[in-house]
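Everything below concerns the one structure shown next.
The values are calculated or read from the model by the stated rules, or taken from the named source; none is laboratory data. Computed from a predicted model, the values in this text were never measured in an experiment. Don't worry about glycine lacking a Cβ; one is built from the backbone with ideal geometry, like all the others, and counts go over all protein chains shown.
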Amino acid sequence: MRNWRMSLARFMYGRYGLDKLYYALLIAYVIIMIPGMIFQLRIIYWIGNALLIYMFFRVFSRNIYKRQQENYRFTKAWSRFTDFRTHVYHTCPNCHATLRFPRKAGKFPVVCPKCSHHFNIRNWL
Ligand SMILES: [Zn+2]
């Protein structure tokens, strides 16, 4: 058992491993495969297999920087999806940085933390 763990650790050395995108793909895989198994749809079966291959490709990949960038883009999009009820996003007109504000109706003066540009934002509820 210990020897098996050591050989797995040696195999995974320098490889990317698991992250949030992996778990999201795993959940998507399970959600996709349930109707695929019930209705015996071959296209869903192939989409699920492609998803599985991509998941394992990411786990065993040695290009860690690229996998981290993918995970960063995913977590950024996911956080925008999950907090759309509580926050709004605006772009700074000067430096085009994406800024996050609490969702309140009205017009507010703001200062960009990146370039210190003063501008107004208008939030609609
Ligand atoms: Zn700015």
Fill in the blank from the handout: Residue hits (region 50-105; of a type in the set (Gly, Ala, Ser) and within 13 Å of the chain's Cα centre (by Cα)) are 77, 79
Completion exercise
Cβ pairs under 8 Å, 6+ apart or interchain, first in region 100-121 and within 12 Å of the ligand (Cβ to nearest atom), second of a type in the set (S, T, N, Q) and in a strand (DSSP E or B), ordered by first then second residue, are 110/120
Exercise for the section: Inspect all residues belonging to region 41-55 and state whether any of them is touching a Gly at 6+ places or on another chain (Cβ under 9 Å) and not in a helix (DSSP H, G or I). Expected result: no
Completion exercise
Picking from 47, 53, the residue that is loosely packed, with under 13 Cβ neighbours inside 10 Å, in the same structural domain as residue 28 (by TED's automatic domain parsing) and β-branched (Val, Ile, Thr) would be 53
Completion exercise
Every listed condition ((1) surrounded by 13 or more Cβ atoms within 10 Å (Cβ to Cβ); (2) within 16 Å of the ligand (Cβ to nearest atom); (3) part of a loop (DSSP other than H, G, I, E, B)) holds for residue 15 save (2)
